[in-house]
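Input: a single structure, listed below in structure tokens.
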Amino acid sequence: MKKVLCAALAVLLLVVPLTGCKEKGLQKVRLHEVTHSVFYAAQYIAMEKGYFAEEGLEVELTNAGGADKAMTALLSGQADLALMGPESSIYVYNEGRADYTQVIGQLTACDGAFIMGREANENFTLEDLRGKSILGGRAGGIPLMTLEYALRKAGLEPGVDVDVRSDVQFNLMAGAFAGGEGDYTTLFEPTATAMEMEGQGYVLASVGELAGKVPYTCYQITKSGLEKDPQMAEKFLRAIYRAQKFVQENDAKTVAEALAPAFTDSSIDTLTKVVERYREIDAFATTPVMTQESYERLMDIMQQAGELDTRAPYDMVINNTIAEKIIK
């Protein structure tokens with residue numbers, strides 16, 4: 001779906017009680033995330049270790065349950081910032097909206113989903129998907145497009161060789177797969193590991209490893225929002241960059257322990273395994289800066305998926321001004 005604006009503005013969003021310190025005098029920042037995943041480790045560490053609070057911010061986090069809903073919240077003024085795939089801002093820019101959105105910081109460096117099957121298979125390859133069905137996510141979303149990009153790299157044409165399903169909502173895919181939908185599915189962590197431990201599926205491969213580097217999840221803001229309060233954006237990204245360095249400089253268990261308050265349903269052992277799994281594919285971005293090379297690769301993927309007619313200028317959609325200032 002190219003039109004992110006068609007999502008209903010009245011959609012009910014699931015608010016996750018992960019706000020930062022409740023100290024007086026902190027500026028509230030309403031952040032809507034596409035989903036809740038260890039994939040976004042630096043974000044939760046910045047919250048749990050008080051990095052946002054030290055910058056004078058109180059982050060109110062909402063799980064939007066999809067990039068379309070996160071963008072709807074941002075455009076309607078329900079969110080100050082949104083964490084989602086950068087393709088969302090490309091769509092909005094190409095729609096000609098005057099107050100379009102910009103990417104101000106990158107959080108992840110590749111696809112964070114894992115292919116899950118109903119049986120263990122140590123020798124799994126994408127060829128095993130031939131003639132099968134897989135739950136891939138929302139049409140027009142980066143998870144589905146990246147999966148299809150990986151399939152094409154392996155010589156499989158989506159819709160011809162593999163039934164790539166986009167009829168199941170992103171946040172409902174785990175339940176749908178557990179209920180018998182699809183031969184395979186793609187899931188983020190810690191959901192994938194949790195299902196594996198419950199015997200409801202087996203992690204077979206990393207979509208990110210198969211597809212290669214791509215700017216997968218980023219912080220986005222409206223132009224008017226950035227012009228109105230650039231200091232908020234700078235404080236926010238400074239806390240994120242500090243947390244990104246924490247993730248890089250500490251072992252998986254230490255990172256898992258820092259994440260634990262944000263994932264109370266997962267054990268330290270599970271979180272450690274998930275962090276290690278993401279590190280193996282270099283999923284965590286080391287700085288908030290997005291390169292033009294990675295941005296152009298993203299648009300290649302979008303065009304190959306038939307979801308992009310016109311390429312949006314890098315310097316209009318991507319605003320690295322604050323991110324570059326912070327890392328210097």
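The values are calculated or read from the model by the stated rules, or taken from the named source; none is laboratory data. Note that the structure is a prediction, hence the values are computed from the model and not measured. Glycine gets a Cβ as well: all are built from the backbone with ideal geometry, and neighbour counts include every protein chain shown.
Couple of notes before you dig in:
- Taking the listed residues E227, E307, the one that is among the charged types (D, E, K, R) and either in contact with a Lys or Arg (Cβ under 9 Å, 6 or more places away or on another chain) or outside the structural domain of L83 (by TED's automatic domain parsing) (or both) is E307, with no other qualifying.
- Qualifying residue in the range 85-97 (condition: touching a helix residue (DSSP H, G or I) at 6+ places or on another chain (Cβ under 9 Å), touching a residue at least 12 places away in the same chain (Cβ under 8 Å), aliphatic (A, V, I, L, M) and under 17 Å from Y219 (Cα atoms)): yes
- Residues (assigned to a strand (DSSP E or B) and touching a residue at least 24 places away in the same chain (Cβ under 8 Å)) located in the range 114-159: F114, I115, M116, G117, S133, I134, L135
- Every condition in (1) surrounded by fewer than 24 Cβ atoms within 10 Å (Cβ to Cβ); (2) in contact (Cβ under 8 Å) with a residue 24 or more places away in the chain holds for Q106 except the one numbered (1).
- Subset of the range 248-259 that is touching a residue at least 60 places away in the same chain (Cβ under 8 Å) and over 17 Å from the mean Cα position of the chain (by Cα) - its residue that is nearest to T108 (Cα to Cα): V255
- Failed item, numbered, when Y202 is tested on (1) in contact with a strand residue (DSSP E or B) (Cβ under 6 Å, 6 or more places away or on another chain); (2) closer than 30 Å to T72 by Cα; (3) aromatic (F, W, Y): (2)
Okay, residues lined up against (1) outside any helix (DSSP H, G or I); (2) buried (at least 21 other Cβ atoms within 10 Å of the Cβ); (3) modelled with pLDDT of 95 or more:
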{"residue": "T270", "(1), (2), (3)": "no, no, no"}
{"residue": "M290", "(1), (2), (3)": "yes, yes, yes"}
{"residue": "R297", "(1), (2), (3)": "no, no, no"}
{"residue": "M302", "(1), (2), (3)": "no, yes, no"}
{"residue": "R311", "(1), (2), (3)": "yes, no, yes"}
{"residue": "E324", "(1), (2), (3)": "no, no, yes"}
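- Residue match in the range 189-205 (condition: hydroxyl-bearing (S, T, Y), at pLDDT 95 or above and under 21 Å from A41 (Cβ atoms)): no
- Total residues in the range 37-65, condition among the acidic types (D, E) and either closer than 18 Å to A113 by Cα or in contact with a Leu (Cβ under 8 Å, 6 or more places away or on another chain) (or both): 3
- Residue selected from the range 191-238 under the condition of a type in the set (A, V, I, L, M), within 20 Å of the chain's Cα centre (by Cα) and under 18 Å from L107 (Cα atoms), by the criterion surrounded by the most Cβ atoms within 10 Å (Cβ to Cβ): I221
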